[in-house]
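For reference, the structure discussed in these notes is given below.
The values are calculated or read from the model by the stated rules, or taken from the named source; none is laboratory data. As the structure is a prediction and not an experimental result, all values here were calculated from the model. Counting neighbours? That spans all protein chains shown, and the Cβs are built from the backbone with ideal geometry, glycine included.
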């Protein structure tokens, strides 16, 4: 039974790190995505018709395209999951990605990318 104790401790530590990453990713994007958030109230950082911060938006004559943060994180995270020997082994980073994705999926407009002007 003592042989399993170190493996269980490692699994427990990995799980705690994973949960901490989920909590940070979820709370960070909750804090920065709320309409009254000081970060959201900042002026857009943009080049021509593309805003990069605090949201990624591409504006054109028909309206705007909002690239939601959860789409960006999912696009980055999916290849990490597909490759078994991922260069990212940190449970915290995996948790952060998932927490960020989950938080973005809580909004009603989560699948709306095109906004008409």
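Before moving on, here are some points about what is shown:
- Boolean, residue 76 is touching a strand residue (DSSP E or B) at 6+ places or on another chain (Cβ under 7 Å) and closer than 23 Å to residue 95 by Cβ: no
- Failed condition for residue 110, given (1) outside any loop (DSSP other than H, G, I, E, B); (2) touching a helix residue (DSSP H, G or I) at 6+ places or on another chain (Cβ under 9 Å); (3) more than 13 Å from residue 25 (Cα to Cα): (1)
- Within the option set 97, 111, being surrounded by 12 or more Cβ atoms within 10 Å (Cβ to Cβ), under 16 Å from the mean Cα position of the chain (by Cα) and within 17 Å of residue 33 (Cβ to Cβ) holds for one residue only, 97.
- The set of residues in region 66-87 being modelled with pLDDT of 85 or more and part of a loop (DSSP other than H, G, I, E, B) consists of 68 alone.
- Applying the condition of being modelled with pLDDT of 70 or more and assigned to a loop (DSSP other than H, G, I, E, B) to region 32-58 and asking which residue is farthest from the chain's Cα centre (by Cα) yields 48.
- Residue 93 being outside any loop (DSSP other than H, G, I, E, B) and closer than 22 Å to residue 10 by Cα: yes
- Among the residues of region 28-37, those that are surrounded by fewer than 17 Cβ atoms within 10 Å (Cβ to Cβ) and touching a helix residue (DSSP H, G or I) at 6+ places or on another chain (Cβ under 8 Å) comprise 28, 30, 37.
- Any pair with Cβ under 9 angstrom, 6 or more apart, that starts in region 79-90 at a residue that is surrounded by 11 or more Cβ atoms within 10 Å (Cβ to Cβ) and ends at one that is modelled with pLDDT under 80: 80/86; 80/87; 80/88
- Screening region 49-70 for residues that are surrounded by 13 or more Cβ atoms within 10 Å (Cβ to Cβ) and out of contact with any strand residue (DSSP E or B) (no Cβ under 7 Å at 6 or more places or on another chain) and picking the one that is farthest from residue 108 (Cα to Cα) gives 59.
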